[in-house]
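*Asks:* Sharing a structure here in C-alpha cells format.
Read the figures in this text as sums done on the coordinates, not as results from a lab. Not measured: the values here are computed from a predicted model. FYI the Cβ positions are ideal-geometry reconstructions off the backbone, even for glycines, and counts take in every protein chain you see.
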Amino acid sequence: MEVIFLLIAISLILASTFLFLFFKAMKDGQFDDNYTPSIRILFESNSKKSKKDQPSKPKSYE
Amino acid sequence: MGPNISSASVIVCFHCGEACYELVIDTEGKKFCCQGCKLVYEVLSENDLSHYYEIANHPGESQKRKSFQTNRFDYLDDVDTAKRLLDFQNEHESHLTLFIPVIHCTSCIWLLENLNQIHSGVVSSRVDFIKKKVQIKVLRDKISIKELVSLLSTIGYEPKINLSNLEEKVEPGLDRRLIQRLAVAGFCFGNMMLFSVPEYFSEAELIDSSFRGLFSYLNVILAIPVVVYSASDYYRSALNSLKQKQINMDVPIVLGIIALFVYSLWEIFAFQRSGYMDSLGGLLFFLLLGKIYQQKTFSTLEFDRDYKSYFPIAVTKKVKEEEVVIPLSKLLVGDIILVRDEELIPADSVLLSTTASIDYSFVTGEGVPVPKQKGELVYAGGRQKGDAVLLAVQKLPSQGYLTDLWNNEAFQKQNERLLEPLSNKISSFFTWSVLFIALASFTYWIFIDLSVAIKVFASVLIVACPCALAMSTPFTLGNTLRIFGKGRFYLKNASVVERLAVIDTVVFDKTGTLTDPANAKVNYIGEVLSQQTKSILKSMVERSTHPLSNRINYWLKDVIGENSIQVKEFKGLGVHAIFKNQEFKLGSVVFTGFNKKVENQVGNVVCLSVEGQDLGYFKIESGLRTKATEVVKQLAPDYELHILSGDYSHEQSYLEDMLGGGIQFNFQQSPGDKLNYLKNLNASQQTLMIGDGLNDAGALQESSVGVAISDRVSHFSPASDAIMDAEVFGMIPNYLSFAKSSRLIIKASFILSLLYNLIGLGLAVQGLLSPVICAILMPLSSISVVIFTTLTTNFVALKKGLLTSKLV
C-alpha cells in the first residue's frame, strides 16, 4: 500500500504542472481570442499557391 | 485598358458588391463602382493578394464615401501622438493595436494577416475578429506609423483612431484574475474531493485508516490557496461593506468561509478527524463560477464613450494661407480651421465661408443636413456635407455647447447609487438570523455538553453559508443578460437588469428615437408629376447620397429611372440633371431658384424645377418609428411616460394623435435641460431614458437606466447603460417585463435556497452535521438553484417571445 504515497505525490505534481501550464497559456493570451484562430486555420499556408492558380482564377468568379 | 464608363444599373462592384449606378470602371474584365474600389483591387493584385476575393464574395467595403485627402494622417508625424498608439517599442520594432471597424469577413482576416506581403516593413499582423482589432508588428526604420495607417487606408481598412484611444489603454487584466482564482479553486477542490472520497465511505473501510491522517493534512495544504488566494475578493468586498455599516452578500459568505476553515482545522489537528475542507473548496469554486457567468461582456461594444470618442484627433488649421494639421488638443480659441466634406466640426465656431450644410445626426439623431450662412454659429459634433468650409473657433473643444455636458457632475459619480441589489437586502436579514440561531443553539447546548455546543455553533455557520443564495443572483442575471444579448439588447453589466426591473417612468427622446429618419412622411405639393418626370426624378435621387434624396426615392417606390440622363450632385445644395436637353433641378430653394412661396416652413423642403420653371416641392417630415405607437400604448398603463425633444412644439398635436394622451411633452430642450429634467424626475422615480444622439448623453447618464438606440450597434452610441439595436425597438415592453420576471425568479430561488438552509440548519442545531452530509448538501443546493434559475429564465423568455424554441 505504501506505493500510494508515491502515486499521490506524482498525481499532485502532475496536476500542479497542468495548472501552471494553464496560467502560462492564459498569460500568453491564448484565451483572449477564441474565434479568429478557428478561421485562420482554414487559410492556405501561404499565398504562393494562389500565385500559381492565378491564370485559371477568373473563371471561378463568374 | 482605360476606364470605360457606361450607365447600366445592374452591374455589381467586384470589390464591394454594391450596385454601380453612376460609374462603372472596367479593368481586367472586372467591374468597379468607384475609383477607390478599383485602387484597392490594383494594390492587392500587384502584391499577389487577390486570393482575398476568393475567400468571400465581394469582401470589400465601398470606397465611395471615403475621403481621399492625402494629409489627413499628418498628425501621426507628431511623435507624441504616434507614440501613444504603441503597445511596445524597442530599437528595431514597434508593436501597436489598431481598431478597424470594417473587419467583417474571412477575407478581411486573411488580407490583414498578409500585410507583410504588401510592405516589407510589416513583420507580422494578427487579427482579433470579435474585437475588430489588429495587432501589428513593424520594423521602425522601414515604415512609420503614419505610413502604416495610410497603407491600411489604401487597402480599404482605415483604422479608427480617436482621442480616447490615445488617452488611456484599457488593461484586460480584471477578468483574467478572476479566471485564475477559479482555476486555483477548481484545482484544489478537485484534489480535495479525491482525498475525501475514503471519508465518505468510511463505514466501508475502503482504505487503510493510516491514510486518513495524511489525506486530511493534504486537504489542509490544498485549502490554503483557496482561502488565501481564491477567496480574497470576498474579504475585500465584505470589509468594504462593513466599513460603510452595511451588510452585503459577501459578509455571510466570508463568515461561512472562516467558520468552515477554522472549524475544520480544529477538527483535523485536535481530533484527527477529516474536517470540511472539500466543501470549502467546492463553495469557492461554485461561487467564482457564478461570478464569471455574470460577467458577460460584449467586447465590440463600448458603453463608456464620451465625446472624445467621436471627435477627430487632428484638425487642419489655416496659418497664413498654409494648411497645418495639428492635434485637437493644441487647438486654441480664435484659430481658423478648415473642415472638409464629411469631416466633423471639433469645436463651437463661427462660419467664415458663405454657406455650409451641417449634418447633426451624431448630436440629435436627425439625418438631414441643416444649411448655415456666413457668420452663423455652428456647434461641435456636426458634420460638414459639401465643399470645405472655413471656421473660426469660438470655444475650446472641451467647453462647447455639447461637450460642457461632460463637465456636469452626473458624469463624475459612479452609476452604482440608486438601487441596492436585492441580494444585499436579504443578506443582512440572513446574516443576523444565522448569527441568532447559532447563538441560541449554542446557549441551549452549553448546559448539556460544551464540546457539542461548539460543534453546533460552528455547523450552523457552516451549513447556513449562503452558497445557493449567493448564486441565484449571478446566474439569473447572467442568463437574462445573455437572453437580452441574443435579442440585440446589450446591457453594460448585470446590475442593469435589477435596475430595469424597478423602472416606473419611461422618458423618450423624440428625434431619432421615437421618430425614424427612414420612415419619413413625404408630401408633394405643386403641379401633378407625369410618369416621365417621376422617372427622371427617380434617376436623380438614386444617384444622390443626401438623406432627403433617399426619402424621395423611397416615396417614388417602383418607378423605373431613365437611362440616358446626365446627373450631377452638388453636395449640400441639390441634384442637377439634363434629360433631352431639358434642365432639371432638385434641391434647396436657392439652388432651384424657386419663386413660389413655400408655405409653412416646417420640416424639410425640397424644390423641383424644370428649365428654371417651378414644378412643385416636397415637404418631408420625420415619421414615427415602426412600432413606436404600439410601444407607447403598451407602456402607457404601467409607466409614466415623458417625451423630450430639442425641436419646436409644432408636432405635439400630431404626436398626441398618434401616441395617445397621458404623455408629458417637453419641447425645445437643450442637452443640459434634458439632464436636469431627468434629475428632477429621479428625486421620486426610477427612470428609464431612451435616446440616441450625443445630445441625450447627459440624460442617459443621469437616468437610472439609460438605453441608447442605434442602427449600427457597434458603430455609434453615446455613453449608456445599455445599447439597443433599433430594429428591436418594438420589443421594449417585453424586455421591461422580462427584467421584472428575472427579479421574481431571483426571489423564488432565494426561497428555494432558504429551504435548503432550513434542512441544513435543522440538522446542524441537533448536532448531526457530518462531513458527508455537508459534502452532499452544499453542491446539491448550489446546482439545483443554478438549474432552477436557468430553466425558469429561459422558459419565461420563451413565453415572452424573446427566445425562439431552438435556443433553449
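*Asks:* Can you give the extra length, in nm with one decimal, that the chain gains between B:Ala683 and B:Lys330 once fully stretched, where that is 0.36 nm per residue apart less the Cα-Cα distance? Could the numbers behind the result be given before it?
*Replies:* Values: separation 353, 0.36 × 353 = 127.08 nm, distance 4.06 nm.
Once the chain is fully extended between B:Ala683 and B:Lys330, it gains 123.0 nm.
*Asks:* What does the structure give for B:284-295 when I average, per residue, the other chain Cβ atoms found within 10 Å of the residue Cβ?
*Replies:* Details: counts 0, 0, 0, 0, 0, 0, 0, 0, 0, 0, 0, 0.
The per-residue average across the peptide is 0.
*Asks:* What average number of partner chain Cβ atoms lie no more than 10 Å from the Cβ of the residues making up A:21-30? Could the numbers behind the result be given before it?
*Replies:* Details: counts 0, 5, 5, 0, 0, 4, 2, 0, 5, 0.
If you average over the peptide's residues, the count of other-chain Cβ atoms is 2.
*Asks:* Of the options B:Phe489, B:Thr473, B:Phe508, report the single residue whose Cα projects farthest towards the positive end of the charge dipole of segment B:448-547 (beta-carbon charges: Lys, Arg +1; Asp, Glu -1).
*Replies:* Going by the Cα projections, it comes out as B:Phe489.
*Asks:* Around B:Glu93, which amide H atoms from residues at least 5 apart in sequence, or from another chain, sit under 5 Å from its own amide H, with H modelled in the peptide plane?
*Replies:* When sequence neighbours closer than 5 places are left aside, the close amide H contacts are B:Arg140.
*Asks:* Working from Cα positions, state the angle (0 to 90°, nearest 10) between the long axis of helix B:145-154 and the longest principal axis of chain B.
*Replies:* Its long axis makes an angle of about 70 degrees.
*Asks:* So, one more: Can you grab the distance from the C-alpha centre of segment B:517-579 to the C-alpha centre of segment B:221-264, Å, no decimals?
*Replies:* Each part's Cα centre sits 69 Å from the other's.
*Asks:* Something else about it: Starting from the eigenvalues of the Cα gyration tensor, five times each then square-rooted, give me the equivalent ellipsoid semi-axes of the protein assembly as shown, largest first, whole Å.
*Replies:* Working: eigenvalues 730, 242, 119 Å².
Semi-axes, largest first: 60, 35, 24 Å.
*Asks:* Right, here's the next one. Quick query: amide H of B:Val315 versus all other amide H atoms, modeled in the peptide plane; which residues come in under 5 Å with a sequence gap of 5 or more or a different chain?
*Replies:* It is B:Ile326, B:Leu328, by chain and number.
*Asks:* Something else: Can you give the FRET efficiency for B:Val228 and B:Ala56, using 1/(1 + (r/R0)^6), R0 = 41 Å, r = Cβ-Cβ distance, to the nearest 0.05?
*Replies:* 0.20
*Asks:* Please compute the average number of Cβ atoms from other chains found within 10 Å of each residue's Cβ in peptide B:186-192. Spell out each step's value before the answer.
*Replies:* Working: counts 2, 6, 2, 0, 1, 5, 0.
For peptide B:186-192, the averaged partner shielding equals 2.
*Asks:* Could I ask something else about it? Obtain the nm distance between the two label points defined at B:Val43 and B:Leu242 by a simple spin-label model: each point lies 7 Å from its Cα along the Cα-to-C-beta direction.
*Replies:* Simple spin-label model gives 6.1 nm for this pair.
*Asks:* Please list A:21-31, B:520-530, B:677-687, B:500-510 highest first by mean number of surrounding beta-carbon atoms within 10 Å per residue. Provide the component values of the computation, followed by the final result.
*Replies:* Numbers: A:21-31: 12.4, B:520-530: 14.9, B:677-687: 17.5, B:500-510: 22.7.
In decreasing order of mean packing, A:21-31, B:520-530, B:677-687, B:500-510 become B:500-510, B:677-687, B:520-530, A:21-31.
*Asks:* Under 20 Å from a point 7 Å along the Cα-to-Cβ line of B:Val502: which residues of segment B:212-251 have their amide N that close?
*Replies:* So the set is B:241-242, B:244-251.
*Asks:* Nearest 10 degrees, 0 to 90: what angle lies between the long axis of helix B:547-556 and the longest principal axis of chain B (Cα atoms)?
*Replies:* Long axis of B:547-556 versus the principal axis of chain B: about 80 degrees.
*Asks:* Compute the Cα gyration tensor for chain B, then decide on rounded, prolate or oblate, letting a ≥ b ≥ c be the square roots of its eigenvalues: rounded whenever a/c is under 1.5, prolate when a/b is larger than b/c in the other cases, and oblate in all that remain.
*Replies:* prolate
*Asks:* Relative contact order, percent, of chain B when contacts are C-alpha pairs under 8 Å separated by at least 6 residues? Walk me through the intermediate numbers first.
*Replies:* Values: 1473 pairs, mean separation 89.8, N = 808.
This gives 11 percent for chain B.
*Asks:* Continuing with the same structure: Subtract the Cα-Cα distance of B:Val350 and B:Glu323 from 0.36 nm times their separation in residues, and report this length gain in nm to one decimal. Walk me through the numbers on the way to the answer.
*Replies:* Numbers: separation 27, 0.36 × 27 = 9.72 nm, distance 1.87 nm.
Value of the extension gain: 7.9 nm.
*Asks:* What's the ranking of B:323-334, B:129-140 by average number of surrounding C-beta atoms within 10 Å, highest first? Each step should come with its number before you reach the end.
*Replies:* Values: B:323-334: 14.7, B:129-140: 19.0.
Put in order of decreasing packing, that is B:129-140, B:323-334.
*Asks:* In addition: Using the alpha-carbon atoms, what tilt in degrees (0 to 90, nearest 10) does helix B:250-271 show relative to the longest principal axis of chain B?
*Replies:* So the inclination is approximately 30 degrees.
*Asks:* Within segment B:620-648, find all residues whose amide N lies under 17 Å from a label point positioned 7 Å from the Cα of B:Asp673 along Cα-to-beta-carbon.
*Replies:* The answer is B:642-648, whose backbone nitrogens lie closer than 17 Å to the label point.
*Asks:* Which aspartates and glutamates, if any, have their Cα less than 16 Å from the Cα of B:Lys455, not counting same-chain residues under 8 positions apart?
*Replies:* B:Glu267
*Asks:* For a 31 Å ceiling on Cα separation, which of these pairs sit above it: B:Lys243/B:Lys679; B:Lys627/B:Lys747; B:Lys492/B:Lys571; B:Lys317/B:Lys372? Before the final figure, lay out the partial values.
*Replies:* Numbers: B:Lys243/B:Lys679 29 Å; B:Lys627/B:Lys747 33 Å; B:Lys492/B:Lys571 39 Å; B:Lys317/B:Lys372 21 Å.
Over 31 Å apart, Cα to Cα: B:Lys627/B:Lys747; B:Lys492/B:Lys571.
*Asks:* Once a ≥ b ≥ c are taken as the square roots of the eigenvalues of the Cα gyration tensor of segment B:312-407, is the result rounded (a/c under 1.5), prolate (a/b larger than b/c) or oblate (a/b not larger than b/c)?
*Replies:* Details: a/c = 1.61, a/b = 1.12, b/c = 1.44.
Here segment B:312-407 falls in the oblate category.
*Asks:* Moving on to the next point. Going by amide H atoms built from the backbone, whose H comes under 5 Å of the H on B:Arg273, apart from near neighbours?
*Replies:* B:Ile268
*Asks:* Given Cβ point charges of +1 (Lys, Arg) and -1 (Asp, Glu) and nothing else, what value in debye, to the nearest 20, does the dipole of chain B about its Cα centre take?
*Replies:* On the way: 76 positive and 82 negative charges, 178 e Å.
In total the dipole reaches around 860 debye.
*Asks:* If I take R0 = 56 Å and measure r between the Cβ atoms of B:Glu727 and B:Phe269 in this structure, what FRET efficiency does the formula 1/(1 + (r/R0)^6) give, to the nearest 0.05?
*Replies:* Numbers: r = 64 Å, r/R0 = 1.14.
FRET efficiency, B:Glu727 to B:Phe269: 0.30.
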